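Down below is the structure, laid out as structure tokens.
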Amino acid sequence: MLFPRTPLLAGPDPEAKREEIRTCFHATFDRYESLFGALASDEAYYRKAISLRHPLIFYLGHTATFFINKFILAGLIDSRIDPKLESMFAVGVDEMSWDDLDEANYDWPPVEAVWAYRRKVRAVVDRVIREAPLSLPVGWNDPFWAVMMGIEHERIHLETSSVLIRQHPLRLVRPQSDWQPCRQTGPVPANELVRIPAGKVSLGRQLDDPIYGWDNEYGRHEAQVAEFQAARYLTTNGEFLAFVEGGGYADDSVWEEEGLGWRKFARAEHPTFWVPDGSGWKLRLMTEEVAMPWDWPVETNYHEAKAFCNWKARETGQALRLPTEDEWNRLYDHAGLADVPADAPADANLHLDHWASSCPVTHFAHGELHDVVGNVWQWCETPTYPFEGFQVHPLYDDFTTPTFDDRHNMIKGGAWVSAGNESRHVSRYAFRRHFFQHAGFRYVVADAPVGYVSSNYESDALLSQYAEFHYGETYFGVPNFPQAVARHAIEAFGRHARTAPGCALDLGCATGRASFELARLFDRVTGVDFSARFINAGVKLASQGMLRYTLQDEGELVFYRECSLAGLGLDQVADKVDFSQGDACNLKPVFSNYDLIVAANLIDRLYSPGKFLGSVHERLNPGGLLVLCSPYTWLEEHTRRDEWIGGFKKDGERYTTLDGLKDLLGVRFELVDGPLELPFVIRETRRKFQHTLSEMTVWRLRGE
């Protein structure tokens, strides 16, 4: 009997669909519980298989508490079963800041107590599926989506838990009839290169797609992939043996810096699941060791796969490496594959349709290639990143975003145990590069460099405030300030400037919105700011078209935001903008010959505003404009009292900053516009905002 596929969440009969989902739930719950039958004793539940993960007692409880925690959030139930367990087993599956892997902080319950809890959860989930309102299609925002979320989450942990069982000492595990490995093996095939024509990949799903998916699958991504060559087979144990026997694990030159650190820390001398056996090798499967099947795919972490590719590239003189995510998708398209059928076994070692292990790489042909999907996951060069339009699901905001750290690489294709969403070609899973899954690799030979998309969400609080200030929502009906400044400056330039709109300088540009807006008119715009981290945000937008950042909600809670130049109608001007780090009071000579200079909310944050104002004319062409905006909030933490240019009594009379500007600039400039008050709002948290008025003045440099 086939393990149920991920249900299509559409159709004419809600009650029939309800029963299909219920069957899928129980089959998944049963299969997960049967996996734990491989544990031979209570010690196997409580002893960690590896130090970087919780013991298996955690994973037995984790998938069950997930249902209850998400059902509470979705409003599908209104009371908990066991608040203590639902807190203890909630999180702790990766090396993230909120993971607490210190065993001293855990008083694990008895094994039978967790099994009893799972029985209660099964009954609750069954009742919810039978009784909760269900209308078709079930969408992203439907409470019933949480049911599928729990089922697919448990299927993910079929894989992660089976890996941990595989890393347990043999004395702690025992074979299971439901988890029988492949017994076939044969000669090692000679790996050959297959030409993959150039082509376009179009990735990303729409939210109305009526089948469950995780957040990182949605959005848009398109790329042109140059022609490349791909290995016909996954790299086998036999092919990898040459790397081991050739001293690859002792050759520092073929290891990347991070990989070398892992290799030395782990003292790795061969693949983790290879077991030395006198003069030969055995292979550790989930619950047993077998004579080495040399024609099965080798299983490695990313670092080992990358080191092998570097070694083989040196040996062959070819541009050999791992594929990118886009290149893997070209392999899939070239092979003409489709997802696992609903009513027939997969034509791949996938979805538990065949064995509870890998199998020979020659068994499943996919066009000119073998094992494009299935057998083992395939490591990619690509660190995981969100597609354009990415958004988190409100019920599970930390499923993918914690992996946007450039430390988690994509794995594609699925393994023998990958079921449900994991088996679909649209799935996008990633793991830390030193982690082990049922993963191996296929190498490619390609002249094209590896495209790199940084996936970091900016989490610096001040930078995030300014990113939102420049590119985010408007609040309380107050227009976007950098955009308003640029528009007023462009309008003033059209009325008052006596020079053509050639080059503009945006001083104190922060994250760069005004710089891009000015590029609507000017041929070149330079954004300059003292803060390198602010400049980097502008650079990311100019080079990648988008910026992602976290925005504080309350306490430790955050929102995840994304802005794009295309969404603001600025993508066509990005190549006209450059960003540089610089000191407005001491600019390099290269920052000269501008027709417009904008300094927004800058002068009252300079250590010597008088020095800046006394020399700014040297940067402008005659007839050009200087646009100043400031709320004149003079603070000694930014500007010494004797450097203020206004905001105090002079000769017993009020002396405003505007008075000071007229005195300092009047010799070379004439005031042609303003003062004009421009409001702005800076969001600090969901319920705390700064509402400020900035005064704009426009000055024209007199001709010589």
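Read the figures in this text as sums done on the coordinates, not as results from a lab. Computed from a predicted structure; not experimentally measured. Positions of Cβ are generated from backbone atoms using ideal geometry, with glycine treated the same way; all protein chains shown enter the neighbour counts.
At 1.002 mPa s and 20 °C, plugging the Kirkwood radius over alpha-carbon pairs of region 232-377 into Stokes-Einstein gives what diffusion coefficient in µm²/s?
129
Under 25 Å Cα-Cα from K312, which lysines qualify once same-chain neighbours fewer than 8 residues away are excluded?
Correct list for K312: K264, K282, K412.
Region 225-251 to region 358-394: how many Å between their Cα centroids?
So the separation of the two Cα centres works out to 17 Å.
Calculate, for I72 and N141, the FRET efficiency according to 1/(1 + (r/R0)^6) with r their C-beta to C-beta distance and R0 22 Å; round to the nearest 0.05.
0.85
Need the C-alpha centroid separation for region 293-311 versus region 528-585, integer Å.
38
Taking the Cα centre as origin and putting +1 on Lys and Arg beta-carbons and -1 on Asp and Glu beta-carbons, what dipole magnitude results for region 193-445, to the nearest 20 debye? Could you put the intermediate results ahead of the total?
Working: 22 positive and 38 negative charges, 90 e Å.
Around 440 debye, computed over region 193-445.
Looking at C182, T403, L602, which one has the Cα that reaches farthest to the positive end of the dipole of the chain (charges on Cβ: Lys, Arg +1; Asp, Glu -1)?
Sorting the options by dipole projection puts first L602.
Taking the Cα centre of region 14-172 as origin, work out the dipole magnitude from +1 charges on Lys and Arg Cβ and -1 charges on Asp and Glu Cβ, in debye rounded to 20. Let's see the in-between values first.
Details: 19 positive and 24 negative charges, 80 e Å.
Roughly 380 debye, rounded to the nearest 20.
May I ask you to derive the FRET efficiency for D523 and Q318 from their Cβ-Cβ distance with R0 = 41 Å, giving the value to the nearest 0.05?
So the FRET efficiency works out to roughly 0.40.
Sticking with the crude label model, points 7 Å out along Cα→Cβ, report the distance from H496 to D252 in nm, one decimal please.
Going from the H496 label point to the D252 one covers 6.3 nm.
Looking at the chain only, what percent of DSSP beta bridges run antiparallel? Nearest 5 please. Don't skip to the end; give the middle numbers.
Details: 64 of 88 bridges.
Restricted to the chain, the bridges split so that about 75 percent are antiparallel.
Once you have the Cα-Cα distance between Q180 and D347, take 0.36 nm times their residue separation minus that, and quote the gain in nm to one decimal. Mind dumping the intermediate values first?
On the way: separation 167, 0.36 × 167 = 60.12 nm, distance 1.87 nm.
Value of the extension gain: 58.3 nm.
What are the chymotrypsin sites (Phe, Trp or Tyr not before Pro) within region 341-422 that DSSP puts in a loop, where the Cβ has at most 16 other Cβ atoms within 10 Å?
F399
Can you give me the pair-distance distribution of the chain, C-alpha pairs, 20 Å bins, whole percents?
P(r) over the chain, rounded to whole percents: 16, 41, 28, 14, 1.
State whether region 588-672 is rounded, prolate or oblate according to the following rule on the C-alpha gyration tensor (a ≥ b ≥ c being the square roots of its eigenvalues): a/c under 1.5 gives rounded; otherwise a/b larger than b/c gives prolate, and the remaining case gives oblate.
prolate
Under the 0.36 nm per residue contour assumption, what length would be gained going from the current alpha-carbon distance of H691 and E112 to full extension?
Here the answer is 202.7 nm.
Which value in nm describes the separation of the simple spin-label points at Y475 and I50, placed 7 Å from the Cα toward the beta carbon?
4.3
Report the one residue of M149, N237, V372 whose Cα lies farthest in the direction of the positive end of the charge dipole of the chain (charges on C-beta: Lys and Arg +1, Asp and Glu -1; origin at the Cα centre).
So the residue we want is M149.
Putting +1 on Lys and Arg Cβ atoms and -1 on Asp and Glu Cβ atoms, find which of Y385, V254, I211 reaches farthest to the positive end of the dipole of region 193-445.
The residue sitting farthest along the positive end of the dipole is V254.
In whole Å, what is the distance between the alpha-carbon centres of region 412-439 and region 115-132?
Measuring centre to centre over Cα atoms gives 28 Å.
Please identify the trypsin sites (Lys or Arg not before Pro) of region 95-204 that satisfy two criteria: DSSP loop assignment and at most 12 other Cβ atoms within 10 Å. Which are they?
R183
So if I place +1 on the C-beta of Lys and Arg and -1 on the C-beta of Asp and Glu, and nothing else carries charge, what would the dipole magnitude of the chain be about its Cα centre? I want it in debye, nearest 20.
I would put it at about 500 debye.
Just the isolated ones, please: cysteines in the chain lacking another cysteine beta carbon under 4.7 angstrom.
C24, C309, C380, C503, C509, C563, C585, C629
Averaging sequence separations of C-alpha pairs under 8 Å and six or more residues apart, then dividing by the length of region 14-172, give the relative contact order as a whole percent.
Numbers: 152 pairs, mean separation 62.1, N = 159.
With pairs under 8 Å counted, the relative contact order is 39 percent.
First obtain the Kirkwood hydrodynamic radius of region 473-701 from its Cα pairs, then insert it into the Stokes-Einstein equation at 20 °C and 1.002 mPa s, and state the resulting D in µm² per second as a whole number.
Details: Rh = 18.3 Å.
The calculation lands on 117 µm²/s.
Report the full-extension gain for the segment H26 to D277: residue separation times 0.36 nm, less the Cα-Cα distance, to one decimal in nm.
86.2 nm
Which FRET efficiency value, to the nearest 0.05, is calculated for R80 and D406 with the Förster distance at 45 angstrom and r the Cβ-Cβ distance?
The formula returns an efficiency of 0.75 here.
Consider a paramagnetic label point 7 Å from the Cα of S34 along Cα→Cβ; state which residues of region 1-20 have an amide N under 20 Å from it.
It comes to 1-7, 20, nothing else.
Enumerate the residues in region 593-618 having an amide nitrogen under 20 Å from the point lying 7 Å beyond the Cα of D663 toward its Cβ.
The answer is 603-617, whose backbone nitrogens lie closer than 20 Å to the label point.
Give me V450, V698, V173 sorted ascending by neighbouring Cβ count inside 10 Å, so fewest comes first.
Numbers: V450 14, V698 27, V173 21.
Listed from fewest to most nearby Cβ atoms, that is V450, V173, V698.
In nanometres, what is the gap between the two model label sites at R195 and E677, each 7 Å from Cα along Cα-to-Cβ?
The two pseudo-label positions are separated by 7.2 nm.
Within region 316-333, which residues have the backbone N less than 12 Å from the label spot 7 Å out from V453 along Cα→beta-carbon, could you tell me?
Label zone hits: 325-327.
For the pairs K70/K120; K588/K650; K70/K540, flag any whose C-alpha to C-alpha distance is greater than 27 Å.
Pairs exceeding the cut-off: K588/K650; K70/K540.
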